[in-house]
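A quick write-up on the structure given underneath.
The values are calculated or read from the model by the stated rules, or taken from the named source; none is laboratory data. A quick note: this is a predicted structure, and the numbers were derived from the prediction, not measured. In this analysis, Cβ positions are derived from the backbone assuming ideal geometry, glycine residues included, and neighbour counts consider all displayed protein chains. Calculation scope for accessible area: heavy atoms of the full protein, side chains included, ligands and nucleic acids excluded. Shrake-Rupley method; radii C 1.70, N 1.55, O 1.52, S 1.80 Å.
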Amino acid sequence: MNFIKRGLLGITRKKGKSLILLAVIFILGNLISGAISIQQATDNVESTIKERLGTAASIELDYEALEAMDDSEMNDFEISNIDIALIKQIGELSYVKYYDYSMSTHLGSESIESYQGEEMEEEEIIWEGPSMDFMLKGINYAPVIDFEEQKGKLVDGRVFTTDEVENGSAVAIISNKLAEKNNLHVGDTFTLNNEVYEYSESSGEEELIASRDVVLEIIGLFEPKSAKEDKGESSSSGMIDFMDIDYQNTVYVPNEVVSSEDRYRWEEYAKVDDSFAIMLEEEEDLDYYQPTFFLNNQDDTEAFKEEVSPLLPELYIVVNASDQYENIAAPIESMSTISGYVLLVAVIATVLIIGLVVLLFLRDRKRELGIYLSLGERRSRVVGQILIEVMIIGLIGITLSLFSGNFLAQGVSDTMLQADHDQFQEDTIYFNDFDIDLTTDDVLESYQVKLDANYIIMFYVVGLLTILVSTVIPLTYIVRLNPKKIMM
């Protein structure tokens with residue numbers, strides 16, 4: 001009789017043992033299926049969150065290395081600024097889509113009022129001391145990178161021209177809400193105040209020592225892209241509103257406008273502080289620019305970092321937006337780690353348990369196998385018969401566990417995520433250096449256990465290979481059988 005037909009008959013003839021093997025494979029298959037489902041889901045979260053974090057990269061001081069220095073090293077070390085020539089050199093690399101470098105400073109105003117949020121409009125706010133509500137954000141990239149990256153969008157007017165940026169023209173783009181609050185329109189001018197204060201030890205207060213007006217022409221109005229849309233009310237809304245208010249009071253201007261106001265402040269303060277005056281004379285360039293590079297895609301981040309790092313001054317490092325993933329996805333990372341351990345344990349347990357079950361069944365069938373061999377059947381065909389029996393039962397078992405394991409993974413995931421959600425506060429918000437805000441809800445909502453093609457292929461490959469290995473090991477028993485001894 002053909003060994004394939006014998007294998008099929010062996011499954012139906014010994015129904016009890018076949019059902020036992022099916023049950024064992026089904027139970028172990030659920031563990032493998034669940035672990036793979038969670039692994040696939042966590043991988044999807046990583047790609048989704050990193051895509052949302054974007055391709056931004058920046059250059060920053062390595063503060064951890066700086067803190068690790070002892071006093072003598074700290075005294076000998078002189079921190080150097082990133083100069084514009086280096087920023088432009090890096091910006092010309094093939095990985096970079098576009099880039100900008102920015103200065104910023106805060107100014108006040110006596111002629112216009114800052115935006116304080118919808119809830120604060122009717123409340124009277126009493127502020128004592130100098131008010132610096134408006135942030136002048138310098139730009140070198142005329143189309144404005146924040147608009148290119150959808151942090152805000154231009155709703156009226158235009159962006160800067162290259163000539164305006166290079167010449168430091170007194171033009172500005174402000175938020176639409178700030179304009180509405182002060183009845184300002186494109187083409188209007190408004191005045192900010194650059195005030196210089198000195199702390200007075202006699203009065204214990206900041207005293208005004210110099211000031212000048214900064215008159216800017218409005219060339220455009222922008223609206224921030226809402227940080228949270230359709231999220232409902234949450235306790236985190238207060239923090240989100242604060243960040244929105246801060247951005248609503250941002251005034252985009254060419255870098256040279258910010259630099260000019262900073263220089264004025266330093267020069268005026270140097271007139272009343274001799275030590276500061278000496279430092280100002282010794283420093284060749286006090287302008288500090290924060291560079292931001294946007295790469296072509298996520299795959300370029302490591303190559304960009306490797307190429308840029310040797311060009312940087314000592315203690316400067318490349319920071320990518322996607323580096324923040326580990327900080328914001330702790331619940332998902334813990335699940336990924338656990339599921340990895342579960343998958344490893346499940347595979348080892350499957351190999352051992354199914355191997356023992358098959359070995360016990362082979363010992364019970366020792367006489368049957370001996371008869372096949374004594375009749376001249378080749379050992380390879382006997383091994384093939386057993387493999388057919390086990391693999392068919394295994395295929396049925398893992399097919400059943402494919403769906404139940406996926407369902408089990410969903411239930412386990414929900415429980416674990418809820419526990420982690422309660423541990424990290426519900427209203428936790430993570431802000432990174434690139435003004436991208438995420439909540440724990442954002443991370444958890446991107447986690448979905450799905451029955452897709454990748455999961456099915458991965459599960460069948462792992463499941464069938466595991467069953468094959470667990471079957472091949474005890475089949476060495478058949479190879480060692482001596483039919484003469486069995487038949488005696």
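Close amide H contacts of TYR197 (hydrogens built in the peptide plane, cut-off under 5 Å, sequence separation of 5 or more or a different chain): ILE209. Annotation: amide H-H contacts under 5 Å for TYR98 (H modelled 1.01 Å from N, sequence separation of 5 or more, or interchain): PHE294.
How charged is the neighbourhood of HIS185? Take every other residue with its Cβ under 13 Å from the Cβ of HIS185, and add Lys/Arg as +1 and Asp/Glu as -1. Result for the local shell: -3. Cα centroids of the stretch 261-279 and the stretch 142-218: 23 Å apart. For ASP213, neighbours were defined as the other residues whose beta-carbon sits under 15 Å from its Cβ, and their charges (Lys and Arg +1, Asp and Glu -1) total -3.
Less than 15 Å Cβ to Cβ from THR161, Lys/Arg counted +1 and Asp/Glu -1: what total charge do the surrounding residues give? Combined, the nearby Lys, Arg, Asp and Glu give -4. Close amide H contacts of TYR141 (hydrogens built in the peptide plane, cut-off under 5 Å, sequence separation of 5 or more or a different chain): TYR101. Across the stretch 140-154, coupling constants 3J(HN,Hα) worked out from phi with the 6.51/-1.76/1.60 Karplus curve, θ = phi - 60°, read 10, 8, 4, x, 6, 4, 4, 6, 5, 9, 6, 5, x, 9, 6 Hz, and Gly and Pro carry x. Computed with the Debye formula from one identical point scatterer per Cα of the stretch 175-227, without solvent, the log10 of I(q)/I(0) at q = 0.14, 0.32 Å⁻¹ comes to -0.58, -1.18. For the residue pairs LYS50/LYS177; LYS88/LYS225; LYS50/LYS151; LYS151/LYS177; LYS97/LYS151; LYS137/LYS177, the alpha carbons lie more than 20 Å apart in LYS50/LYS177; LYS88/LYS225. Take HIS106: with every protein chain present and a 1.4 Å probe, its accessible area is about 70 Å². Which length gain, in nm to one decimal place, applies between ASN81 and SER200 when the Cα-Cα distance is subtracted from 0.36 nm times their residue separation? Additional length available on full extension: 39.7 nm. Taken per residue, the accessible surface of the stretch 263-343 reaches 54 Å², heavy atoms only and a 1.4 Å probe. Round to a whole number: what % of the accessible area of the stretch 134-197 belongs to carbon and sulfur, probe 1.4 Å? With neighbouring chains kept in place, the figure for the stretch 134-197 is 41 percent.
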